[in-house]
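Read the structure below first, then the notes.
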Amino acid sequence: MWKVLPTALMLILTTTAATRAQRPSDTTVLESGRALFTTYCASCHGVSGRGNGPVAGELRHRPADLTQFAAQNGGVFNGARIHRFIDGRTVITAHGTMEMPVWGEEFKWREGLPENGINARVDALVQYLETLQERAGH
């Protein structure tokens, strides 16, 4: 048993290092999220995410202030919940139905499909949104 332990530990460390090497860096993910936000969200929510984008005044309902997710949730940013908003599983009336979310097919969740980049895009956007958060009391 003791002879197997070092081999098992080495295998775990090697696998972990290899997995990390395959993942994009946090900076790369955040830059991707920022670019996606600018392209798909900022026209309504504004560059700062405060709901003051250039078309916000033309909309029937003012876009949400995306900097307040954590403050409205006791200081906790619930990324999984935000992920469901973006991919259309949790319907936001202003965003439209799953058949035609405002951003088209870029973030639309589809049951049974393998990983196809949509999750990576949504994850990048969620991680970027977390950087915009104002915490309660700040």
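Within the stretch 44-99, track down each residue that is part of a loop (DSSP other than H, G, I, E, B) and among the aliphatic types (A, V, I, L, M).
Those that are part of a loop (DSSP other than H, G, I, E, B) and among the aliphatic types (A, V, I, L, M): Val47, Val55, Leu59, Ala64, Ala70, Val76, Val91, Ile92, Met98.
Read through the list (1) at pLDDT 95 or above; (2) over 12 Å from Leu129 (Cα atoms); (3) within 14 Å of the chain's Cα centre (by Cα), then give the number of the only condition that Gly88 fails.
(1)
In the stretch 13-20, is there at least one residue being out of contact with any strand residue (DSSP E or B) (no Cβ under 6 Å at 6 or more places or on another chain), basic (Lys, Arg) and at pLDDT 90 or above?
Within the stretch 13-20, none of the residues are out of contact with any strand residue (DSSP E or B) (no Cβ under 6 Å at 6 or more places or on another chain), basic (Lys, Arg) and at pLDDT 90 or above.
Quick one: Ser48 ticks every box in (1) surrounded by fewer than 18 Cβ atoms within 10 Å (Cβ to Cβ); (2) at pLDDT below 95 except a single one, so which number is it?
Ser48 satisfies every listed condition except (2).
Would you confirm whether any residue within the stretch 25-41 is assigned to a loop (DSSP other than H, G, I, E, B), at pLDDT 90 or above and surrounded by 12 or more Cβ atoms within 10 Å (Cβ to Cβ)?
Scanning the stretch 25-41, I find at least one residue that is assigned to a loop (DSSP other than H, G, I, E, B), at pLDDT 90 or above and surrounded by 12 or more Cβ atoms within 10 Å (Cβ to Cβ), so the answer is yes.
The values are calculated or read from the model by the stated rules, or taken from the named source; none is laboratory data. Just so we're clear, the structure is a prediction, and the values are computed from it rather than from any experiment. Every residue, glycine among them, receives a Cβ derived from its backbone with ideal geometry; neighbour counts consider all protein chains shown.
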